[in-house]
Amino acid sequence: MPIDVMPNPADTAPVQSAPNDSVGVLLVNLGTPDEPTTPAVRRYLRQFLSDPRVVDLPRFLWLFILNCIILVIRPSRSARAYQAIWTEEGSPLLLYSEALAKSLQTRIPADIPVELAMTYGKPSVASGIDALAAKGVTRMIVLPMYPQYSFTTTAAVYDAVDSALEKASYSMHVVRIQGYYNEEDYIAAHRDNIREFWDQNGKKNTLLMSFHGLPANSVRKGDPYFCQCKETAIQLANALELGDDDWELCFQSRVGKQKWLQPYTEDVLDELAEAGVKDLDVVSPGFSVDCLETLEEIAIGYAEDFVEAGGNALNYIPALNDSDAHAALMAGIINRYREKYT
């Protein structure tokens with residue numbers, strides 16, 4: 001099945017290749033604090049939550065709320081959550097992303113350098129582009145690590161790319177990959193990952209596919225994320241040969257009192273426990289690598305909530321992380337777009 005791409009015509013129009021044209025890859029994830037401390041988390045949240053792509057509210061009102069309330073209360077609580085998942089080597093999101101970038105590099109031609117960047121935090125998008133430029137790259141393929149496109153994530157990556165290039169002293173042709181929610185290798189990699197987990201841990205009667213949520217009005221504003229999550233879930237359920245009663249789609253990480261995409265993961269867990277379900281598996285196909293939302297929110301927080309509601313055990317199925325299958329599917333995407341647009 002084709003990859004979903006919405007390239008800018010100027011970025012993908014045929015360009016006369018110069019003798020020194022060189023292709024590079026910028027792999028971009030969301031970001032992470034430098035350390036699990038309140039000051040570091042506050043710095044990260046300030047940058048993250050100040051982005052209009054992330055919070056679509058009147059700027060004056062939101063910046064007042066952010067600086068006078070949220071950045072006073074939330075950093076210490078979030079720092080404790082990060083501490084629960086932090087490793088001796090550092091942030092799981094950064095470590096898995098770095099390992100994936102290295103693995104990807106071994107699966108594409110050696111003369112195509114791969115640089116990792118984060119939309120928020122370090123390494124920045126600007127530093128990643130600078131590193132590619134220093135290696136002679138003039139034609140850059142950008143691959144955001146978001147299978148499903150959203151204004152809040154993928155579009156934010158390209159805001160950062162455009163901003164960095166506007167300030168740069170060099171020019172660079174950009175190929176913009178917008179998502180791969182229906183890519184056959186992506187579905188197959190998750191199918192095989194889930195089956196391997198079941199082989200090792202046993203298969204439960206219910207599989208929850210939990211995606212990061214967005215405000216419900218994102219659909220009205222034209223964000224395709226909700227529809228793409230549904231399509232991913234349906235294709236994955238079909239690949240696993242699951243019946244309609246064997247799986248459910250839900251959305252997590254809701255913030256604030258406004259209505260978000262439904263059903264909410266916490267509500268589904270309560271309903272399943274009340275219905276007598278004792279054990280279930282949860283997978284998050286929207287996250288490329290494990291992070292705070294999967295390791296702390298699901299594997300720790302939701303697991304505890306499910307037991308308190310009457311369940312026996314919630315088993316979290318890890319993300320694709322730096323697996324061979326994950327690197328291979330990304331290499332396939334890169335190679336196809338390298339051949340088509342560069």
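The values are calculated or read from the model by the stated rules, or taken from the named source; none is laboratory data. Since the model is a prediction, treat every value here as computed from it, not as a measurement. Neighbour counts run over all protein chains shown; Cβ positions are idealised from the backbone, glycine included. With ligands, DNA and RNA removed, areas are computed over all heavy atoms of the protein, side chains included. Shrake-Rupley method; radii C 1.70, N 1.55, O 1.52, S 1.80 Å.
Taking the conditions exactly as written (assigned to a helix (DSSP H, G or I), open to solvent by 30 Å² or more (accessible area, probe 1.4 Å) and of a type outside the set (Val, Ile, Thr)), does Asp267 satisfy them or not?
Numbers: assigned to a helix (DSSP H, G or I): yes; open to solvent by 30 Å² or more (accessible area, probe 1.4 Å): yes; of a type outside the set (Val, Ile, Thr): yes.
Answer is yes for this residue.
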Flag if Ile234 is within 24 Å of Leu272 (Cα to Cα), open to solvent by less than 30 Å² (accessible area, probe 1.4 Å) and not acidic (Asp, Glu): no
Unmet criterion (only one of (1) farther than 30 Å from Asp199 by Cβ; (2) in contact with a helix residue (DSSP H, G or I) (Cβ under 8 Å, 6 or more places away or on another chain); (3) of a type outside the set (Lys, Arg)) for Ala237: (1)
Scope the stretch 285-342; condition under 23 Å from Ser91 (Cβ atoms), surrounded by 22 or more Cβ atoms within 10 Å (Cβ to Cβ) and without any contact (Cβ under 8 Å) to a residue 40 or more places away in the chain; matching residues: Thr294
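Open to solvent by less than 20 Å² (accessible area, probe 1.4 Å), more than 22 Å from Phe197 (Cβ to Cβ) and in contact (Cβ under 8 Å) with a residue 12 or more places away in the chain: does that describe Leu261? Full working, then the answer.
Numbers: open to solvent by less than 20 Å² (accessible area, probe 1.4 Å): yes; more than 22 Å from Phe197 (Cβ to Cβ): yes; in contact (Cβ under 8 Å) with a residue 12 or more places away in the chain: yes.
Considered against the rule, which asks whether it is open to solvent by less than 20 Å² (accessible area, probe 1.4 Å), more than 22 Å from Phe197 (Cβ to Cβ) and in contact (Cβ under 8 Å) with a residue 12 or more places away in the chain, Leu261 comes out as yes.
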Within the stretch 273-310, considering residues that are of a type in the set (D, E, K, R) and in a strand (DSSP E or B), the one nearest to Tyr180 (Cα to Cα): Asp281
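Can you find a residue that is outside any helix (DSSP H, G or I), open to solvent by less than 70 Å² (accessible area, probe 1.4 Å) and not charged (D, E, K, R) anywhere in the stretch 61-81?
no
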Residue match in the stretch 104-119 (condition: open to solvent by 10 Å² or more (accessible area, probe 1.4 Å) and touching a Lys or Arg at 6+ places or on another chain (Cβ under 6 Å)): yes
Set Tyr158, Tyr181, Tyr186: member being of a type outside the set (A, V, I, L, M), at negative phi and not in a helix (DSSP H, G or I): Tyr181
Selected residue (only one of Arg80, Arg139, Arg107 is free of Cβ contacts under 8 Å to residues at least 60 places away in the same chain and basic (Lys, Arg)): Arg80
